[in-house]
């Protein structure tokens, strides 16, 4: 991964020469860091509109983020909402359950940011549902309603989604007898896909989608179905447990599954409830699950 540093150039040269085999190294290009002032993102709504000036939207890393994608994502959201305001329409806040941009906007505008914010998938409690492959399913109607998608592309995407829904329903409703273990027994086609993959159906003489996207997405939905349902139930449980009080003397060092960052912040901030813990930047859904398991509430 290299050696990340923002130290002065002469010190960088000396530092590299302490590494075995690099005693005479000459740096062609030294490392650098970028410093910039930020606006407190708590001054923004999740639409990225400022609370003090209606119609003014902030987008970019001066909102407390770092990284190209983070800045670009904010630009998309702020640009859409500035356009809506110009047309006297209400801005939109993307739900975190359907959008990583929405997740980032919500985190920035509801949590105290004490270090540059990066958009990691681990921040999302919906990461099995919010996938690259199912963006049309999540955002097609919203994009069309906002005028971001032309009719031709909308109809094409709609046909693909209809095809996926058809095959998912078809595979769930059809059964066949097959030996997938010790003895032959009836399985739905969706169960066969989950166990063996969709190409197994082709071997058995069943219809398989010709369109690659429909085929892949149908297989993903049926393979992930059990885990997505499990994720959904876990999220429902976590919401129910938000009122749970945390012992002020809890030893977070002994909570299995917590990162060093999470342990440090929990020890320093001492949240009184699960809800307060969830609101700390860097405390992920996995962190909350680990705490609840440690307390014997989740198993």
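Given the criteria in contact with a helix residue (DSSP H, G or I) (Cβ under 9 Å, 6 or more places away or on another chain) and either assigned to a loop (DSSP other than H, G, I, E, B) or without any contact (Cβ under 8 Å) to a residue 60 or more places away in the chain (or both), does residue 55 qualify? If you could, list the steps in order and put the result at the bottom.
Details: in contact with a helix residue (DSSP H, G or I) (Cβ under 9 Å, 6 or more places away or on another chain): yes; either assigned to a loop (DSSP other than H, G, I, E, B) or without any contact (Cβ under 8 Å) to a residue 60 or more places away in the chain (or both): yes.
Yes; evaluated as a whole, the condition is true for this residue.
Out of all the residues in region 186-195, which are farther than 25 Å from residue 137 by Cα and surrounded by 11 or more Cβ atoms within 10 Å (Cβ to Cβ)?
Quick first cut of region 186-195, residues farther than 25 Å from residue 137 by Cα only: 186-187.
187, the sole residue that qualifies.
Is it the case that region 220-227 has a residue that's surrounded by 15 or more Cβ atoms within 10 Å (Cβ to Cβ) and over 30 Å from residue 162 (Cβ atoms)? Spell out the reasoning first.
Our first condition is that a residue be surrounded by 15 or more Cβ atoms within 10 Å (Cβ to Cβ); within region 220-227, this holds for 220-225.
Now drop any that are not over 30 Å from residue 162 (Cβ atoms), which leaves none.
Looking for residues that are surrounded by 15 or more Cβ atoms within 10 Å (Cβ to Cβ) and over 30 Å from residue 162 (Cβ atoms), one finds none in region 220-227, hence no.
How about region 230-252: which of its residues are at pLDDT below 95 and not in a loop (DSSP other than H, G, I, E, B)?
230, 231, 232, 233, 234, 235, 236, 237, 238, 239, 240, 245
Residues being surrounded by fewer than 11 Cβ atoms within 10 Å (Cβ to Cβ) and over 13 Å from residue 204 (Cα atoms): count how many of those fall in region 163-184.
Pass one, region 163-184, residues surrounded by fewer than 11 Cβ atoms within 10 Å (Cβ to Cβ): 173, 177, 179, 181-183.
The next check asks that each one be over 13 Å from residue 204 (Cα atoms); those that pass are 173, 181-183.
Total satisfying the criteria: 4.
Checking residue 88 against (1) closer than 27 Å to residue 149 by Cα; (2) within 20 Å of the chain's Cα centre (by Cα): exactly one of these is not met. Which one?
The failed condition is (2).
Based on this model, can you work out whether residue 239 counts as surrounded by fewer than 17 Cβ atoms within 10 Å (Cβ to Cβ), under 12 Å from residue 288 (Cα atoms) and within 23 Å of the chain's Cα centre (by Cα)? I'd like the intermediate steps shown before the answer.
Working: surrounded by fewer than 17 Cβ atoms within 10 Å (Cβ to Cβ): yes; under 12 Å from residue 288 (Cα atoms): yes; within 23 Å of the chain's Cα centre (by Cα): yes.
Yes; evaluated as a whole, the condition is true for this residue.
Does residue 47 fit the bill of being surrounded by 17 or more Cβ atoms within 10 Å (Cβ to Cβ) and assigned to a helix (DSSP H, G or I)?
Working: surrounded by 17 or more Cβ atoms within 10 Å (Cβ to Cβ): yes; assigned to a helix (DSSP H, G or I): no.
No: the conditions fail for residue 47.
Has region 259-266 got at least one residue that is modelled with pLDDT of 90 or more, assigned to a loop (DSSP other than H, G, I, E, B) and under 24 Å from the mean Cα position of the chain (by Cα)?
Taking every residue of region 259-266 in turn, at least one turns out to be modelled with pLDDT of 90 or more, assigned to a loop (DSSP other than H, G, I, E, B) and under 24 Å from the mean Cα position of the chain (by Cα).
Which of the following residues is out of contact with any strand residue (DSSP E or B) (no Cβ under 6 Å at 6 or more places or on another chain) and in contact (Cβ under 8 Å) with a residue 60 or more places away in the chain: 45, 36, 16, 32? If you could, list the steps in order and put the result at the bottom.
Values: 36 fails: in contact (Cβ under 8 Å) with a residue 60 or more places away in the chain; 16 fails: in contact (Cβ under 8 Å) with a residue 60 or more places away in the chain; 32 fails: in contact (Cβ under 8 Å) with a residue 60 or more places away in the chain.
Only one candidate passes the filter, namely 45.
Go through (1) assigned to a helix (DSSP H, G or I); (2) touching a helix residue (DSSP H, G or I) at 6+ places or on another chain (Cβ under 9 Å) one by one and return the number of the condition residue 94 breaks.
(1)
Filter region 97-119 for residues that are assigned to a loop (DSSP other than H, G, I, E, B) and either free of Cβ contacts under 8 Å to residues at least 24 places away in the same chain or surrounded by 13 or more Cβ atoms within 10 Å (Cβ to Cβ) (or both) and give the result. Talk me through it step by step, then tell me what you get.
Within region 97-119, the first condition is being assigned to a loop (DSSP other than H, G, I, E, B), and the residues that meet it are 97-99, 111-116, 118-119.
Result: 97, 98, 99, 111, 113, 116, 119.
Going through region 242-299 one residue at a time, which ones are surrounded by 14 or more Cβ atoms within 10 Å (Cβ to Cβ), more than 18 Å from residue 110 (Cβ to Cβ) and touching a strand residue (DSSP E or B) at 6+ places or on another chain (Cβ under 9 Å)?
Correct list: 244, 246.
The values are calculated or read from the model by the stated rules, or taken from the named source; none is laboratory data. Remember, it's a predicted structure, so these values are computed and weren't measured experimentally. Glycine gets a Cβ as well: all are built from the backbone with ideal geometry, and neighbour counts include every protein chain shown.
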